[in-house]
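The values are calculated or read from the model by the stated rules, or taken from the named source; none is laboratory data. In this text, all values refer to a predicted model and were calculated from it rather than measured experimentally. Glycine gets a Cβ as well: all are built from the backbone with ideal geometry, and neighbour counts include every protein chain shown.
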Amino acid sequence: MDGDASWLIVTKVFAIVMTVVTVLVAAGLIFLGAKLARLINRVLGLLDLVTRETGKLAGTVNQTTEKISARAERVAAAAEEKLTSATSNLEQAAESVSKAAAGPVGSLGPLVMGLMKGVRTGRERAGEAGSEGHDP
């Protein structure tokens, strides 16, 4: 029975050691699980903060875009109005210049033609008079 008693002691010691090891492993796993849960909660908190800040930023960007768009539309409308006005003024000025230039130029042509005819006639007469005086 001495052999049976020694096996019984070895078995009890092994059982106690395995129980202690199991308890230590379980405690370690519980500790790591708690640490992991805290880390996950911290990361989720940061993600929530980032999500809120991103939402605020998106709202700000949206408002700024709407303001810029409205201003751009106003500037474009004003530029179109000014361009239309300038074009109209330019057309009126071109028409006035055309009318003003057409009057004198229209009457200047016959005047120049008359002067040229007069000069030609004067030369022809001067040439005839000069040839009469040189004939023997």
Check your understanding: What do you reckon, is ASP48 assigned to a helix (DSSP H, G or I) and either over 50 Å from the mean Cα position of the chain (by Cα) or at positive phi (or both)?
Key -> no
Practice item. Go through (1) at pLDDT below 75; (2) surrounded by 10 or more Cβ atoms within 10 Å (Cβ to Cβ) and name the single condition GLY133 misses. Key: (2)
